[in-house]
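Each reported figure results from applying straightforward, stated rules to the coordinates on display, with no laboratory input. What you see is a predicted model; the values in this text were computed from it and never measured. Here Cβ is always computed from backbone atoms with ideal geometry, including for glycine, and neighbour counts include all displayed protein chains.
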């Protein structure tokens, strides 16, 4: 099991496995948030929130971005469609050695408009 948390620790994430790769997207929202996304089935992720997260949707509103309501760290995204078996976890919340072991894939979401994760 791999654990991550936001800066203040109010949002904690447990993953069944460490990510082998993470995606660095340059779309308008990912670039501004500085996220590196690790993708999982929601069944492989457990999120504990001491306080509700703030959410944000943009573009075609297929995804809901979550951030800690206290420290503001972007923590994860979930698909609006509950049957979509994929979610993103901000790998920036993981320990540096876990992130360092993952291969970084560059994704040109800026030229695609709203990215399809």
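May I ask you to verify whether residue 51 is in contact with a strand residue (DSSP E or B) (Cβ under 9 Å, 6 or more places away or on another chain), surrounded by 13 or more Cβ atoms within 10 Å (Cβ to Cβ) and closer than 18 Å to residue 11 by Cβ? No, not satisfied. Inspection of segment 73-96 identifies at least one residue that is touching a strand residue (DSSP E or B) at 6+ places or on another chain (Cβ under 8 Å), closer than 15 Å to residue 1 by Cα and surrounded by fewer than 18 Cβ atoms within 10 Å (Cβ to Cβ). Checking each residue in segment 20-47 for being more than 13 Å from residue 77 (Cβ to Cβ), touching a residue at least 60 places away in the same chain (Cβ under 8 Å) and over 12 Å from the mean Cα position of the chain (by Cα) picks out 20, 21, 26, 28, 31.
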